[in-house]
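Working notes, structure below.
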Amino acid sequence: MQITSKISGTGSYIPTIIKDNSEFLQNTFYDDRKTQLPQGNDEIIQKFLEITGIESRRYAKEDMCNSDMGTIAALRALEDAGIDGESIDQIIVAHNFGDVSVQNQQSNILPSISARIKHNLNIQNPSCVAYDIIFGCPGWIQGILQADAYIKSGMAKNCLVIGTETLSRVTDPHDRDSMIYSDGAGACVVSKKETDDDSGILAYAAESYTFKEAYYLRYGTSYGPDADELLLNIKMDGRKIYEFALNHVPLAMKAALDESGCAISDVKKVLIHQANEKMDDAIIKRFFKLYGIRKVPENMVPMSIDELGNSSVATIPTLWDLIRREKYKGHTIEQGDVLLFASVGSGMNINAFVYKV
């Protein structure tokens, strides 16, 4: 028998407000020099769709924040796992901007989002330690890796790992990149299991590139010429991120898979951060080429970005939960399947892990 970390339950919260691409037709877009883009919005939106694959995205209702969505996802994960909140040893919450209200874009992280969620869950056990991770879009995966370390070191039996974000509230309406971002929350319970098979979290890879790459994603002022200079929004260097991801993410994925002892032919699904359809497609193709495979197997890579957008830390746990519940585009996961999870995001951070159901 050996100790392994198994995902015993999942949950998610998908906001109810649907914002289609057509709703950006009234925006006025500028470049980083505050010069209005010469193309019409219909052309801008069509090109955006061709690159990102995003047709719509989800926004949280005005009365909801990160901690609210994270709480709902967490409750669903606990219910799915059949575990009482008082049995949780660690609550690890990945986010990037804290609770941001519609009326005030200031990030609110006092107390931490994890503390707020523990409070909302009515967990009284002081030995249940709650803390946040600020790790860009790979934050939820990093939380999984930390939960795995706690479990295998004997410091925890059950960890609640949550990814929650309201990116819609930190975007610049004058920046066409604002159309990428969305809101959502996903959660899972990672539990200690004794098993005589090779299931659970098998291997991982994690890297941080900060020498030249640290500010590819950052806070910056609006592109609008009359915008408040003190109000900061999320900004990115899209081309640099694309090239960075294409050069580094496939190698991290391969490192994790090789360390696991599984063959590429064993992998049933790749759950990659839903950042940009064109970029994700290029990453997956390059990953398979590392094994001499030029055609990615069909139904290998589920994609939710077309209708849910990029919700940062929430994209993977949300997609994972939908598939586990057999609620997403015919994708299913069965006992014994080998899954590869991977993400890339601000920092610049990369991580991946191999999991056998």
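No lab work stands behind these numbers, since they all come straight from the coordinates. Keep in mind that this is a model prediction, so the values were computed, not measured. When we count neighbours, we look across all protein chains shown, and the Cβ atoms used for this are built from the backbone with ideal geometry, even at glycine.
Tabulated values for the structure
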quantity: Sequence of Ile151, Ile72, Ile134 once ranked by neighbouring C-beta atoms within 10 Å, starting from the fewest; calculated: Ile134, Ile72, Ile151
quantity: Gaussian network model of the chain, Cα within-10 Å springs - most flexible of Ala156, Ala263, Ala74; calculated: Ala263
quantity: Packing-based exposure ordering (other Cβ within 10 Å, fewest first) of Tyr150, Tyr355; calculated: Tyr150, Tyr355
quantity: Inter-centroid distance (Cα atoms) of segment 14-77 relative to segment 302-342, Å; calculated: 20
quantity: Packing-based order for 304-310, 9-15, using average beta carbon neighbours within 10 Å, highest first; calculated: 9-15, 304-310
quantity: DSSP-defined beta bridges in the chain - what % are antiparallel, rounded to 5; calculated: 75
quantity: Among Asp196, Asp89, Asp175, residue whose mean-square fluctuation peaks in a GNM of the chain (springs only between Cα atoms under 10 Å); calculated: Asp196
quantity: Antiparallel bridges, percent of DSSP beta bridges restricted to segment 2-195 (to nearest 5); calculated: 70
quantity: Ranking of Cys65, Cys159, Cys262 by count of other Cβ atoms within 10 Å, fewest first; calculated: Cys262, Cys65, Cys159
quantity: Relative contact order (%) - criterion: Cα under 8 Å, at least six apart; region: segment 200-356; calculated: 38
quantity: Fully extended contour minus Cα-Cα distance, from Lys240 to Asp197, at 0.36 nm per residue; calculated: 11.3 nm
quantity: Ordering of 207-213, 91-97 by packing [mean C-beta count within 10 Å, highest first]; calculated: 91-97, 207-213
quantity: Percent antiparallel among DSSP beta bridges (both partners in segment 200-356, rounded to 5); calculated: 80
quantity: Cut-off under 5 Å, modelled amide H: who pairs with Ala60 long-range; calculated: Asp183
